[in-house]
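Written out below as structure tokens is the structure these notes cover.
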């Protein structure tokens with residue numbers, strides 16, 4: 001099974017779209033999410049380069065940016081193309097993570113044409129899993145009490161003064 005994630009859609013659910021480098025932040029969240037799952041993931045974003053871009057994060061995680069060349073209007077066009085090619089060749093199960101109704105309809109049409117097994121997972125639910133993972137990671141990093149690094153440094157300074 002391969003997972004294809006509508007990156008802008010998930011980033012929107014996480015309220016990250018207005019942040020600088022939201023794509024890099026989402027890439028890191030998904031990389032951590034997939035560390036123990038070992039599932040092939042393709043994360044697709046709207047691109048701003050004419051040729052688009054592709055980066056292999058690790059052997060099971062690839063990021064694609066849709067080209068801005070007149071043929072592709074958005075990442076949705078690239079996602080549909082990837083689904084069609086995959087259905088036409090491999091007939092392997094594909095999970096699409098998006099809440100975009102128009103994209104779902106386009107993929108359902110591709111499934112009607114080519115057959116194959118496609119599962120839709122809500123971007124909202126996937127975003128909730130990522131949030132839970134981030135909270136868990138922050139708790140582990142900051143200690144059981146959930147102190148951030150600045151708070152820990154301040155406490156350490158105070159303790160050092162008391163010990164001296």
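All of 68, 54 fail the test of being out of contact with any helix residue (DSSP H, G or I) (no Cβ under 8 Å at 6 or more places or on another chain) and buried (at least 16 other Cβ atoms within 10 Å of the Cβ), apart from 68. Scanning the stretch 81-125 for residues that are out of contact with any strand residue (DSSP E or B) (no Cβ under 6 Å at 6 or more places or on another chain), within 15 Å of residue 9 (Cβ to Cβ), free of Cβ contacts under 8 Å to residues at least 60 places away in the same chain and not in a helix (DSSP H, G or I) yields a total of 1. The single residue among 151, 128 that is surrounded by 13 or more Cβ atoms within 10 Å (Cβ to Cβ), at pLDDT below 75 and assigned to a helix (DSSP H, G or I) turns out to be 151. Would you check which residues across the stretch 52-79 are touching a strand residue (DSSP E or B) at 6+ places or on another chain (Cβ under 8 Å) and in a loop (DSSP other than H, G, I, E, B) and list them? Answer for the stretch 52-79, where residues must be touching a strand residue (DSSP E or B) at 6+ places or on another chain (Cβ under 8 Å) and in a loop (DSSP other than H, G, I, E, B): 52, 60, 66. Total residues in the stretch 73-109 satisfying the condition of being in contact with a helix residue (DSSP H, G or I) (Cβ under 6 Å, 6 or more places away or on another chain) and more than 28 Å from residue 129 (Cα to Cα): the figure is 1.
Give the stretch 4-53 a look and list any residue that's within 10 Å of the chain's Cα centre (by Cα) and within 15 Å of residue 76 (Cα to Cα), or say none. Within the stretch 4-53, 4, 5, 6, 7, 8, 9, 10, 11, 42, 43, 44, 45 qualify.
Of the candidates 8, 21, 38, 34, the single residue that is surrounded by fewer than 19 Cβ atoms within 10 Å (Cβ to Cβ) and touching a strand residue (DSSP E or B) at 6+ places or on another chain (Cβ under 8 Å) is 34. Can residue 49 be described as assigned to a helix (DSSP H, G or I), over 23 Å from residue 128 (Cα atoms) and out of contact with any helix residue (DSSP H, G or I) (no Cβ under 7 Å at 6 or more places or on another chain)? For residue 49, the condition - assigned to a helix (DSSP H, G or I), over 23 Å from residue 128 (Cα atoms) and out of contact with any helix residue (DSSP H, G or I) (no Cβ under 7 Å at 6 or more places or on another chain) - is not met.
The values are calculated or read from the model by the stated rules, or taken from the named source; none is laboratory data. Keep in mind that this is a model prediction, so the values were computed, not measured. Backbone-built Cβ (ideal geometry, glycine too); neighbour counts: all protein chains shown.
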